[in-house]
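A.B. asks: The structure's right below; bear with me while I get my questions together.
The values are calculated or read from the model by the stated rules, or taken from the named source; none is laboratory data. This structure is a prediction, so every number in the text was calculated from the model and none was measured. Cβ atoms come from the backbone with ideal geometry, glycine included; neighbour counts cover every protein chain shown.
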Amino acid sequence: MRKAGAVVAGVLLKLKEIAEPGMTTAWLDSIALQMVADAGAEALFKGVRSPAARIPFPGAICASINEQVVHGIPSEDTKLKNGDILSIDFGVRLNGYCADSAVTVAIGGISEGKRRLMDVTKRVLDIAIEKSAPAVRWSQVAAEMQRCAESAGFSVVKDFVGHGIGRKMHEEPRVPNFVSNDLLVNDIVLAEGMVLAVEPMVNTGSSAVRTLKNGWTVVTRDGKSSAHFEHTIVIVENGCEVLTVNG
């Protein structure tokens, strides 16, 4: 899983470096596909099916711009513009094991509001990494994550959560970025060796989202911007180790 995580980290770092105004999201996707092939890995997202969508997901990356929360489809018709924020979600399977990560990137010069949204969302993920350790209850971690986002005036998306990861992209347990009655009743006690994909999605406005007619792309209901950061982490003796460090 460390090897898979290194591939994911390398691809995201490359895309973060080259993303600029005028570039299409399809071009970024093609770079990711080439790097995956060079690494002898498999793109996790490409070909995934969903009951809500008529077609399998066509990209190696999810490329979600501004009000798009997640599952944005890479396209030749979608050019990045100065002032956009682009969330890139990406995963691979290598030698039978998976890793998954996401980063939100500023395209050119962005507004102070978008910069603050990115910074807070990244901080929400950092809190999860700092607090995760054996014997810790996930509700304690999730409470700190939610408090960080909401105290900054933002909202945590509740329709999508993190997940266990290993030989499959999505494994148990579900790993929310907020506290709910369900989590309190069915809390997760972190244990050494547990591997999780932790992925806060934070909205500028309401937490409410909807899915576009393509059956994939999720957007904020109020049209305000969203940011997304994710790492695959493993619980170790004294805390956790990040397997997808991407600079």
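A.B. asks: Would you check which residues across segment 211-247 are in a loop (DSSP other than H, G, I, E, B) and on the phi > 0 side of the Ramachandran plot and list them?
C.D. replies: Hits for segment 211-247 are GLY215, GLY223, GLY247.
A.B. asks: From (1) of a type outside the set (Lys, Arg); (2) surrounded by fewer than 21 Cβ atoms within 10 Å (Cβ to Cβ); (3) within 30 Å of ILE55 (Cα to Cα), pick out the condition that doesn't hold for VAL179.
C.D. replies: For VAL179, the exception is condition (3).
A.B. asks: For segment 157-190, give me the residue count where each residue is among the acidic types (Asp, Glu) and in contact (Cβ under 8 Å) with a residue 24 or more places away in the chain.
C.D. replies: Our first condition is that a residue be among the acidic types (Asp, Glu); within segment 157-190, this holds for 159, 171-172, 182, 187.
Within this subset, residues satisfying the condition of being in contact (Cβ under 8 Å) with a residue 24 or more places away in the chain are 159, 187.
Matching residues across segment 157-190 total 2.
A.B. asks: Let me ask another. Determine, yes or no, whether ALA9 is under 21 Å from LEU86 (Cβ atoms), surrounded by 22 or more Cβ atoms within 10 Å (Cβ to Cβ) and without any contact (Cβ under 8 Å) to a residue 60 or more places away in the chain. Step through it out loud before you land on a result.
C.D. replies: Working: under 21 Å from LEU86 (Cβ atoms): yes; surrounded by 22 or more Cβ atoms within 10 Å (Cβ to Cβ): yes; without any contact (Cβ under 8 Å) to a residue 60 or more places away in the chain: no.
Here the answer is no, as ALA9 does not meet what is asked.
A.B. asks: Another question, if that's okay. Across segment 98-157, what is the number of residues that are of a type in the set (A, V, I, L, M), in contact with a Lys or Arg (Cβ under 8 Å, 6 or more places away or on another chain) and farther than 21 Å from CYS62 by Cα? Before the answer, list the steps.
C.D. replies: Going residue by residue through segment 98-157, those that are of a type in the set (A, V, I, L, M) are 99, 102-103, 105-107, 110, 117-118, 120, 124-125, 127-129, 133, 135-136, 141-143, 145, 149, 152, 156-157.
Still in the running and in contact with a Lys or Arg (Cβ under 8 Å, 6 or more places away or on another chain): 103, 105-107, 141, 152.
Restricting the remaining residues to those that are farther than 21 Å from CYS62 by Cα gives 141, 152.
Number satisfying all stated conditions: 2.
A.B. asks: Within segment 13-68, track down each residue that is in a loop (DSSP other than H, G, I, E, B), in contact with a helix residue (DSSP H, G or I) (Cβ under 6 Å, 6 or more places away or on another chain) and either among the hydrophobic types (A, V, I, L, M, F, W, C) or surrounded by fewer than 17 Cβ atoms within 10 Å (Cβ to Cβ) (or both). I'd like the intermediate steps shown before the answer.
C.D. replies: Step one: of segment 13-68, the residues in a loop (DSSP other than H, G, I, E, B) are 19-23, 40-41, 44-60, 66-67.
Subsequent filtering for residues that are in contact with a helix residue (DSSP H, G or I) (Cβ under 6 Å, 6 or more places away or on another chain) retains 41, 59-60.
Correct list: ALA41, ALA60.
A.B. asks: Let me ask something additional. Condition first: at pLDDT 95 or above, closer than 29 Å to GLY96 by Cβ and not in a loop (DSSP other than H, G, I, E, B). Can you find one or more residues in segment 177-194 that meet it?
C.D. replies: yes
A.B. asks: Only one of these is over 30 Å from GLU241 (Cβ atoms) and among the basic types (Lys, Arg): ARG49, ARG93. Name it. Working first, answer last.
C.D. replies: Working: ARG93 fails: over 30 Å from GLU241 (Cβ atoms).
Matching residue, one of ARG49, ARG93: ARG49.
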